[in-house]
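See below for the structure under consideration.
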Amino acid sequence: MEQEILKNLELLKNRIDNACKACGRDPKEVKVLLATKTVTSQKIKIALQAGLTLIAENKVQELKSKYDDLQSISHSNHFIGYLQTNKIKDILKYDVSCIHSLDRFELADKLHKRLLFENKTMDVLIQVNTSAEQSKYGIHPKGVIELVQQVAEFETLKIKGLMTIGLFSAETELVEKCFQLLQQLQKDIQGLNIPNVEMNELSMGMSNDLEIAIAHGATIIRVGTAIFGQRIYPDSYYWNE
Ligand SMILES: *Cc1c(COP(=O)(O)O)cnc(C)c1O
């Protein structure tokens, strides 16, 4: 199991290097976030020991169940799943440092109130639905700027950039459109110079489409399968509540 994961990490590193070379980027600009849904803490530890540092869960329940096991090894927890407002307290309790799935005002408002109460701040990315598929979360591209402006008013929330899940399609051009759209939104928002808003991070690209995402400016790729192997549950289980 360990050899398998280490080999996969090596292959992933080569893919990132090649993708960066193809578009003239420095591989250091691309961070790997371990998408660890259904993956045991034992396997996660192997990747952390190999030098990776970022973990992301989709469900608070899994964050909770692996939390103690992973305390012995340094890492950061990100959250990439649909976040219900009644789970906000848990997210804070289990040391999540960045939420990639901020997609609505109500969630931002409740997060802000809780963060104020706990005297904390939180890095956030705005999740955008770039593929127009109903099964995925994320705000419609037309609403992004307004949401960014609203969230910017909450001093506890630090907007670092945007996140999206690309269309699942074998047609490269259709996937590419999603990532192009996110990159364009990033530029549009950067041009507005909104106080309390940084737009340096683009969280996009997964096991199947990370090369395309890197070509369009991804700074965080979220990788599960390519490191840990196939999952037994379909992703729809994680993407629909
Ligand atoms: C599962 C998941 C990933 C990783 O997907 P793989 O195809 O296994 O690399 C990335 N982002 C989100 C939001 C996910 O739920």
message: Need pairs with beta-carbon distance below 7 Å; first residue more than 17 Å from LYS31 (Cβ to Cβ) and among the polar types (S, T, N, Q) and within the stretch 161-178, second assigned to a loop (DSSP other than H, G, I, E, B) and more than 14 Å from the ligand (Cβ to nearest atom); sequence gap 6+ or separate chains.
response: none
message: Testing PHE179 on (1) more than 16 Å from the ligand (Cβ to nearest atom); (2) closer than 23 Å to ALA22 by Cα; (3) of a type in the set (Phe, Trp, Tyr), one condition comes back false. Which one is that?
response: (1)
task: Determine whether the stretch 212-223 contains at least one residue that is over 25 Å from VAL148 (Cβ atoms) and in contact with a strand residue (DSSP E or B) (Cβ under 8 Å, 6 or more places away or on another chain).
output: yes
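Just to verify a result, which residue in the stretch 106-121, among those that are touching a residue at least 24 places away in the same chain (Cβ under 8 Å) and within 10 Å of LEU92 (Cβ to Cβ), is nearest to the chain's Cα centre (by Cα)? Give the derivation first.
In the first step, residues of the stretch 106-121 are kept if they are touching a residue at least 24 places away in the same chain (Cβ under 8 Å); the result is 107-112, 114-116, 118, 120-121.
In the following step, the residues that additionally are within 10 Å of LEU92 (Cβ to Cβ) were identified as 111, 114-115, 118, 120.
On the way: LEU111: 18, ARG114: 22, LEU115: 20, GLU118: 24, LYS120: 21 Å.
Checked the stretch 106-121; the qualifying residue nearest to the chain's Cα centre (by Cα) is LEU111.
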- request: Considering every residue within the stretch 191-210, establish whether at least one is surrounded by 15 or more Cβ atoms within 10 Å (Cβ to Cβ), over 14 Å from the mean Cα position of the chain (by Cα), in a helix (DSSP H, G or I) and not hydroxyl-bearing (Ser, Thr, Tyr).
  value: no
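Quick note: the coordinates plus some simple rules give every number you see, no bench work behind them. None of these values were measured; they are calculated from a predicted model. Cβ sites come from the backbone with ideal geometry, for glycine too, and all protein chains shown count toward neighbours.
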